[in-house]
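Here's the structure we're looking at; comments come further down.
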Amino acid sequence: MTASPYIFDATADNFQQKVMEASATTPILVDVWAEWCAPCKQLMPILQKLAEEYQGNFQLAKVNADEQQELTASLGVRSLPTVILVKNGQAVDGFNGALPESEIRKVLEKHIEAPAEDPYQKAHQLWEAGDVDGALAILSELNQKDPNNLKVLIDLAQLKAETGDLATAEQVLDSLPPEEKLQHQARQLAARIKFMKQAGELPPVAELEKILEADPKNPEALHQLALQHVLKDNNAAAMDLLIRLMQADSKYKDGIARTTLVELFDKLGNNNPDVRTYRRKLYTLMH
């Protein structure tokens, strides 16, 4: 059973109290299922997800049809899965079979108050959709209400960096407690800000590529083109150029190729497959 305050196993012994009586204050969605039932296994994760999303606006009661045969029969179940919505001790709605999530939502919306939208999640939805100003507005409001919320602070810093306000982004990062600066997201952002500051006024990609066609080992062009790729999130291409720079001139600008590679590894994190590939290449090159 899923460890959740909104989901429980219903049995013949607890059904009266935990479903019929409890439904006077909280709607109960009863899911009758069995291990051998494939549609049950398709449906259950959807119901569990909705129970978590609704945050207690309804409870999900799971009835194992094989273990609770008498209870299943008393509910009039003829096929599996069967879902029954109980309010005030009465079955008010339900359905049979594994409906899509959109259809289940329609059933719930008729009887149950929808959960309040999480402003933090809303900010991230806007961010992902490209509405940086909308995301900034929500995160700024959350920051005013709770200035010590480090998750919101780091998101604000990241958004400020994306809009080019590197000074504010750095101020926010500098204000974090020392232990928080070591967290992956903060280190990732610090590396990105450094790359953006290093980039400055870089020559266009086409111009740098033309230089490298004529002189494939030109260290300045290799470095600048790598930074261009970092800013465009073409990370594998950037790492490849930095390896080429190390091969061409490992001492260029006090070994900036190696330093930049390590910073890029930090930015992307150890689980990134490109990081694993190029970390091995760096090790091979150095040994």
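The values are calculated or read from the model by the stated rules, or taken from the named source; none is laboratory data. Here the structure is a predicted model, which is why all the values come from computation and not from measurement. Cβ sites come from the backbone with ideal geometry, for glycine too, and all protein chains shown count toward neighbours.
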Exercise for the section: Using the structure shown, decide if residue 271 is over 21 Å from residue 156 (Cα atoms), within 26 Å of the chain's Cα centre (by Cα) and surrounded by fewer than 19 Cβ atoms within 10 Å (Cβ to Cβ). Expected result: yes
Exercise for the section: Out of the residues in the stretch 159-168 that are more than 15 Å from residue 127 (Cβ to Cβ) and either of a type in the set (D, E, K, R) or assigned to a helix (DSSP H, G or I) (or both), state the one that is farthest from the chain's Cα centre (by Cα). Expected result: 167
Problem - Selected residue (criterion: nearest to residue 58 (Cα to Cα)) from residues of the stretch 127-158 that are within 14 Å of the chain's Cα centre (by Cα) and crowded, with 18+ Cβ neighbours inside 10 Å - result: 127
Practice task
Identify all residues within the stretch 82-115 that are more than 20 Å from residue 33 (Cα to Cα), out of contact with any helix residue (DSSP H, G or I) (no Cβ under 9 Å at 6 or more places or on another chain) and not hydrophobic (A, V, I, L, M, F, W, C); write none if there are none.
Solution key: 102, 106, 109, 110, 111, 113
Problem - Pair list, Cβ < 9 Å and 6+ apart or interchain, from the stretch 229-251 residues that are under 13 Å from residue 282 (Cβ atoms) to residues that are of a type in the set (Ser, Thr, Tyr) and outside any helix (DSSP H, G or I) - result: 245/252; 246/252
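Looking at the stretch 172-187 only, could you name the residues that are in a helix (DSSP H, G or I) and either surrounded by 14 or more Cβ atoms within 10 Å (Cβ to Cβ) or touching a helix residue (DSSP H, G or I) at 6+ places or on another chain (Cβ under 8 Å) (or both)?
172, 173, 175, 180, 181, 185, 186, 187
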Handout entry: Criterion violated by residue 114 - all others in (1) surrounded by 12 or more Cβ atoms within 10 Å (Cβ to Cβ); (2) in contact (Cβ under 8 Å) with a residue 24 or more places away in the chain satisfied
Key = (1)
Fill in the blank from the handout: Taking the stretch 26-46 and keeping residues surrounded by fewer than 21 Cβ atoms within 10 Å (Cβ to Cβ) and either free of Cβ contacts under 8 Å to residues at least 40 places away in the same chain or under 10 Å from residue 83 (Cβ atoms) (or both) leaves 26, 35, 36, 38, 41, 44, 45
Problem - Selection status of residue 253, under 28 Å from residue 181 (Cβ atoms) and of a type in the set (D, E, K, R) - result: yes
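Tell me the helices (runs of 4 or more DSSP H) entirely within the stretch 188-254 that contain at least 2 residues that are buried (at least 16 other Cβ atoms within 10 Å of the Cβ), within 27 Å of the chain's Cα centre (by Cα) and outside the structural domain of residue 154 (by TED's automatic domain parsing).
Output list reads 219-231, 235-249.
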Exercise for the section: Pull up the stretch 74-83, narrow it to residues that are touching a residue at least 12 places away in the same chain (Cβ under 8 Å) and not in a loop (DSSP other than H, G, I, E, B), then point me to the one that is nearest to residue 17 (Cα to Cα). Expected result: 83
Handout entry: Residue among 96, 143 that is free of Cβ contacts under 8 Å to residues at least 24 places away in the same chain, in the same structural domain as residue 61 (by TED's automatic domain parsing) and polar (S, T, N, Q)
Key = 96
Exercise for the section: Filter the stretch 191-204 for residues that are free of Cβ contacts under 8 Å to residues at least 24 places away in the same chain and of a type outside the set (Asp, Glu) and give the result. Expected result: 200, 203, 204
